[in-house]
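What follows is a set of notes on a single structure, which appears directly below.
The values are calculated or read from the model by the stated rules, or taken from the named source; none is laboratory data. Everything numeric here is computed off the predicted structure, so don't read it as measured data. Positions of Cβ are generated from backbone atoms using ideal geometry, with glycine treated the same way; all protein chains shown enter the neighbour counts.
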Amino acid sequence: MILCIETATSVCSAALCDNDSIVDVRFAEHGLSHASQLTVIIGELLNAAAITPLTLEAVAVSKGPGSYTGLRIGVSVAKGIAYGAGIPLIGVNTLTAMCHGFLASNHLTEGDNILLCPMIDARRMEVYNALFNSEGIMVRETAADIITEKSFGSELAAGKVIFFGNGAEKCREVITSNNALFEGDFSLSASYLHIPSVRALKEKRFEDVAYFEPYYLKEFIATVPGKLIP
């Protein structure tokens, strides 16, 4: 059994997964603090399954990119559970998890000339993104890009690209190619970590609990609220 944690965006969730399936998933109430809700929903999951952290095989966490604060909360809780229970820690790229979540509910044929582009809003016209083929294999590395009408030009000239995630909607009016498809009804879930975390467990690809940090992709920049600027 693997405990999966997702806090990279405004959606806070946790799931229990075994080798073959998603056993249970819980979401925090929308709008409430990840810090106050995450351990609560994890406790609910474990109690419902009548298990403790000591009986888990591993804990997996969505490591980013995403919200600076959200990632720190998720990774901190995951590290605490892994250290306290003496179990492995697995870090999963958030965009990779999104890709697997999309493929789980949208049946594409392997070999289709379609690319998947999960997007996470990085404010203004910037998004965190990566490209995957129809088999869920990353074909372009994670990047933080400012979207213009020229973005993904070569990929769209070659075939269809499906854009999804909370950063995709704002790109709809900018990326106007007929090969650009937008999936509006998509939000993150800890259950999307299922396949990547099971693979990591089998291959023993674990993080160092002491030194593991979220994948921020770009530096956090603190700003002064406008009303405080003289």
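For A143, the conditions (1) exposed (fewer than 15 other Cβ atoms within 10 Å of the Cβ); (2) over 28 Å from I2 (Cα atoms); (3) modelled with pLDDT under 95 are fulfilled apart from (3).
Among the numbered conditions (1) over 15 Å from T9 (Cβ atoms); (2) surrounded by fewer than 17 Cβ atoms within 10 Å (Cβ to Cβ), the only one that K170 does not meet is (1).
Hey, any hits in the stretch 36-48 for a residue that's assigned to a strand (DSSP E or B) and closer than 30 Å to A143 by Cβ? No: the stretch 36-48 contains no residue that is assigned to a strand (DSSP E or B) and closer than 30 Å to A143 by Cβ.
Pairs meeting the criteria (first residue in the stretch 146-164 and charged (D, E, K, R), second residue in a strand (DSSP E or B), beta carbons under 7 Å, at least 6 apart or on different chains) are E155/L115; E155/L131; E155/V161; K160/I114; K160/L181.
Out of all the residues in the stretch 29-43, which are surrounded by fewer than 19 Cβ atoms within 10 Å (Cβ to Cβ) and at pLDDT 95 or above? T39, V40, G43, listed by residue number.
Of all residues in the stretch 83-121 being at pLDDT 95 or above and part of a loop (DSSP other than H, G, I, E, B), which is surrounded by the fewest Cβ atoms within 10 Å (Cβ to Cβ)? Filtering the stretch 83-121 for residues that are at pLDDT 95 or above and part of a loop (DSSP other than H, G, I, E, B), the one surrounded by the fewest Cβ atoms within 10 Å (Cβ to Cβ) comes out as G86.
Among the residues of the stretch 8-27, those identified as small (G, A, S), part of a loop (DSSP other than H, G, I, E, B) and modelled with pLDDT of 95 or more are A8, S21.
Restricting the stretch 160-212 to residues that are in a helix (DSSP H, G or I) and of a type in the set (S, T, N, Q) leaves a set whose member that is nearest to D121 (Cα to Cα) is S191.
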